[in-house]
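Asks: Following this message is one structure expressed as structure tokens.
The values are calculated or read from the model by the stated rules, or taken from the named source; none is laboratory data. On a predicted model such as this, the values are computed, not experimentally measured, just so you know. Here the Cβ is made from the backbone with ideal geometry for all residues, glycine too, and neighbour counts use every protein chain on show.
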Amino acid sequence: MRVNIIFKLIVLFFTIESVWAKAPAPLAVDGAVTVSTKRAKSLMNQGATFIDVRRATDYQKSHIQWAVHLDLQLDFTEEALLAVVHKNQPVVIYCNGDMCQRSALASKKAVAWGWRKVYYYRGGFPDWKAAGLPVE
């Protein structure tokens, strides 16, 4: 009985994750500034911290140069974000592009937790890479 419930929960999680991953990301997040690739690069040049909220496997394959990994589902907490960037410093949050919800959700959380300079990079890793910008 218990194994059956756990199995059903796991199936439900992957079903929701699959549907969630295919819905377009919002164009904007209240309290955050949506940025283009050009603006994201400018923010990097100014020293902004980049947070990659994708799965570990995606991050390990490749990521924006110097980005810090905080998986939205596993690691993205107020304490973890604070360990990386102070609430008054700029933070750029990204994931796998305009069909990925993770960066929007993470940006929303960061704003709710009191970060004042949240930049939502909707185009994320695919747009960065397509522009030929530095990746690791």
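Asks: Please enumerate the residues belonging to segment 91-110 that are among the hydrophobic types (A, V, I, L, M, F, W, C) and surrounded by fewer than 18 Cβ atoms within 10 Å (Cβ to Cβ).
Replies: If the condition is that a residue be among the hydrophobic types (A, V, I, L, M, F, W, C) and surrounded by fewer than 18 Cβ atoms within 10 Å (Cβ to Cβ), then Met99 is the only one that fits.
Asks: Now for a separate question. Identify the single condition in (1) more than 19 Å from Arg116 (Cα to Cα); (2) modelled with pLDDT of 95 or more; (3) not aliphatic (A, V, I, L, M) that Thr77 does not satisfy, given that it satisfies every other one.
Replies: Failed condition: (1).
Asks: Looking only at segment 83-108, count every residue that is touching a residue at least 12 places away in the same chain (Cβ under 8 Å) and either part of a strand (DSSP E or B) or among the aliphatic types (A, V, I, L, M) (or both) and tell me the total.
Replies: Total satisfying the criteria: 10.
Asks: Another one. Which ones in segment 60-75 are within 11 Å of the chain's Cα centre (by Cα) and closer than 28 Å to Gly132 by Cβ?
Replies: Once the filter is applied, which keeps residues that are within 11 Å of the chain's Cα centre (by Cα) and closer than 28 Å to Gly132 by Cβ, segment 60-75 yields Ala67, Val68, His69, Leu70, Asp71, Leu72.
Asks: Something else now. Does segment 109-122 hold any residues that are assigned to a helix (DSSP H, G or I) and of a type in the set (Lys, Arg), and which are they?
Replies: Result: Lys109, single match.
Asks: Could you count how many residues in segment 43-57 are surrounded by fewer than 18 Cβ atoms within 10 Å (Cβ to Cβ), of a type outside the set (Gly, Ala, Ser) and in contact with a strand residue (DSSP E or B) (Cβ under 8 Å, 6 or more places away or on another chain)?
Replies: 0
Asks: Does any residue in segment 12-37 that is closer than 18 Å to Tyr94 by Cβ and among the hydroxyl-bearing types (Ser, Thr, Tyr) come within less than 9 Å, Cβ to Cβ, of a residue that is at pLDDT 95 or above and assigned to a loop (DSSP other than H, G, I, E, B) six or more places away or on a different chain, and which pairs are these?
Replies: Listed by first residue and then by second, the contacts come to Thr34/Arg122; Ser36/Arg122; Ser36/Gly123; Thr37/Gly123; Thr37/Ala131; Thr37/Leu133.
Asks: For segment 39-73, how many residues meet the condition of being of a type outside the set (Gly, Ala, Ser) and either without any contact (Cβ under 8 Å) to a residue 40 or more places away in the chain or assigned to a loop (DSSP other than H, G, I, E, B) (or both)?
Replies: Counting residues in segment 39-73 that are of a type outside the set (Gly, Ala, Ser) and either without any contact (Cβ under 8 Å) to a residue 40 or more places away in the chain or assigned to a loop (DSSP other than H, G, I, E, B) (or both) gives 18.
Asks: Please tell me if Ala32 is surrounded by 13 or more Cβ atoms within 10 Å (Cβ to Cβ), under 24 Å from Trp115 (Cα atoms), aliphatic (A, V, I, L, M) and at pLDDT 95 or above.
Replies: Spelling it out, Ala32 is indeed surrounded by 13 or more Cβ atoms within 10 Å (Cβ to Cβ), under 24 Å from Trp115 (Cα atoms), aliphatic (A, V, I, L, M) and at pLDDT 95 or above.
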